[in-house]
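The structure appears right after this line, and notes come after that.
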Amino acid sequence: MEVLAGSGDTNVMVKENGCTFAMDFAKVYWNPRLATEHERIVKKLKHGDVLYDVMAGIGPFAVPAARKKCYVLANDLNPCSFEALVKNCSINKVKDRVRYFNLDGHEFIQTILKKDLLEKWREFTFTGDIHVTMNLPAMAVDFLPAFVGLFHNTNGFPENPTVPIVHVYMFTKEANEDIAMRMVAEKLGYSDTSSIQSEVRRETVDYEETTPSNQNDTVNEEKITATCDRNNVSQEEQENTEKSTIQLCSFRKHILEVVNIRTVAPNKIMMRVSFRLPQKLLTTKPNQHSEPPCKRIKNN
């Protein structure tokens, strides 16, 4: 960042959604154009809900959520963002409702979030909803595999838990909901049918959420039926196509919302996919894939 004029002091204070945020603008990320999106997510939260903010930044989700008396665990790997997050919790007088961490996102999910979520499920008095925000569009979807098998062979896993709602952000080359949903599905281990020649027929149907806190919510689900070109595709590929399509359809029913946030640049669209984590995905045997080593700095 280059200072063109003035004293060169990049420490600023801004207001957004009724909160005050202090930061060193040269060391952290802040975009006032995202104020509407921050407000959209915070409006989904209610008193007593839980928010796990995996890439919290300086707190645009965590701070207003805590002001609504949500229970918040906020994390960011950038030491400067973490320092601003702690300061902003103090400025807005919500330090007693926020726990903050300075960890790699994978480690936060697989240690802090896992332990706290299991404890929350065991609280018989807890009746709220659970949200996970992952606002790092350039790479947030790469952290989704951390949820696969998170509770595999875990003692004390409840029979019918309130599964988290994940709000994950990404960049796509065009404002296409299918592309955004496919990015999420593939990272969670659902099969991709793009390599098989097929004709895809889409129809819109209603899917009613059956989770305790959303019994009356209805969202649109795109039901896909693939018909293979039998002249060019082997029987095995046809069977794999049908299986893959079923798997993708089974994931679509968990999707609550796909939102086009903004056009960042030509061929660079910021989008959000909100979905409920499938319970089977949390308890399945995790894939044996390597992840980058976690970086641990400090936590509070």
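The values are calculated or read from the model by the stated rules, or taken from the named source; none is laboratory data. Please read all numbers here as calculations on a predicted model, not as lab measurements. Methodologically, a virtual Cβ is constructed for each residue, glycine included, from the backbone with ideal geometry; neighbour enumeration extends over all protein chains shown. Side chains included, ligands, DNA and RNA excluded: accessible areas come from the protein's heavy atoms. Shrake-Rupley method; radii C 1.70, N 1.55, O 1.52, S 1.80 Å.
I'd like to compare 173-182, 260-269: which one has the highest average count of other Cβ atoms within 10 Å, and what's the full order after that?
Final packing ranking: 173-182, 260-269.
If you take the square roots of the eigenvalues of the alpha-carbon gyration tensor of region 28-112 and sort them as a ≥ b ≥ c, do you get rounded (a/c under 1.5), prolate (a/b over b/c) or oblate?
Taking the square roots of the gyration eigenvalues as a ≥ b ≥ c, region 28-112 is rounded.
How far apart, in nanometres, would the label points at A138 and K69 be if each is projected 7 angstrom from Cα along the Cα-to-Cβ direction?
Between A138 and K69, the label points sit 4.0 nm apart.
Carbon and sulfur atoms: what percent of the 1.4 Å accessible area of region 58-170 do they account for?
51 percent
Using the Kirkwood formula on the Cα atoms of region 69-169, what hydrodynamic radius do you get, in angstrom to one decimal?
Computed over Cα pairs of region 69-169, the Kirkwood hydrodynamic radius comes out at 14.9 Å.
Which FRET efficiency value, to the nearest 0.05, do you get for K27 and V259 by plugging their Cβ-Cβ distance into 1/(1 + (r/R0)^6) with R0 = 30 Å?
Efficiency at R0 = 30 Å is approximately 0.55.
Among H47, Y29, G59, whose Cα projects farthest towards the positive end of the dipole of region 1-81, with charges put on the beta-carbon of Lys, Arg (+1) and Asp, Glu (-1)?
The listed residue farthest towards the positive side: H47.
Using a Förster radius of 35 Å, what is the FRET efficiency between A175 and T125 based on their Cβ-Cβ separation? Nearest 0.05, please.
It comes to 0.25.
How large is the charge dipole for region 1-138, taken about the Cα centre, if only the Cβ atoms of Lys, Arg (+1) and Asp, Glu (-1) carry charge, to the nearest 20 debye?
Using Cβ point charges on Lys, Arg, Asp and Glu, region 1-138 gives about 600 debye.
On a 1.4 Å probe surface of the protein chains, which of V141, V14 comes out largest in accessible area, and what is the full order?
Heavy-atom accessible area, descending, gives V14, V141.
Rounded to two decimals, what is Rg over Rh for region 1-152 when you use alpha-carbon atoms and the Kirkwood radius?
A ratio of 0.99.
Going by a ≥ b ≥ c, the root eigenvalues of the Cα gyration tensor, does region 92-135 fall in the rounded group (a/c under 1.5), the prolate group (a/b larger than b/c) or the oblate group?
Because a/c hits 1.5 or more and a/b fails to exceed b/c, region 92-135 counts as oblate.
Taking the simple approach of a point 7 Å from Cα along Cα-to-Cβ for both C249 and T10, what is their distance in nm?
5.2 nm
Find out how many positive minus negative residues lie around I261, taking Lys and Arg as positive, Asp and Glu as negative, among other residues whose Cβ is under 13 Å from that of I261.
That works out to +1.
Around K115, what is the net charge, scoring Lys/Arg as +1 and Asp/Glu as -1 over all other residues with Cβ under 14 Å from its Cβ?
0
Please tell me which of these pairs span more than 20 angstrom C-alpha to C-alpha: K120/K253; K114/K280; K114/K253?
K120/K253; K114/K253
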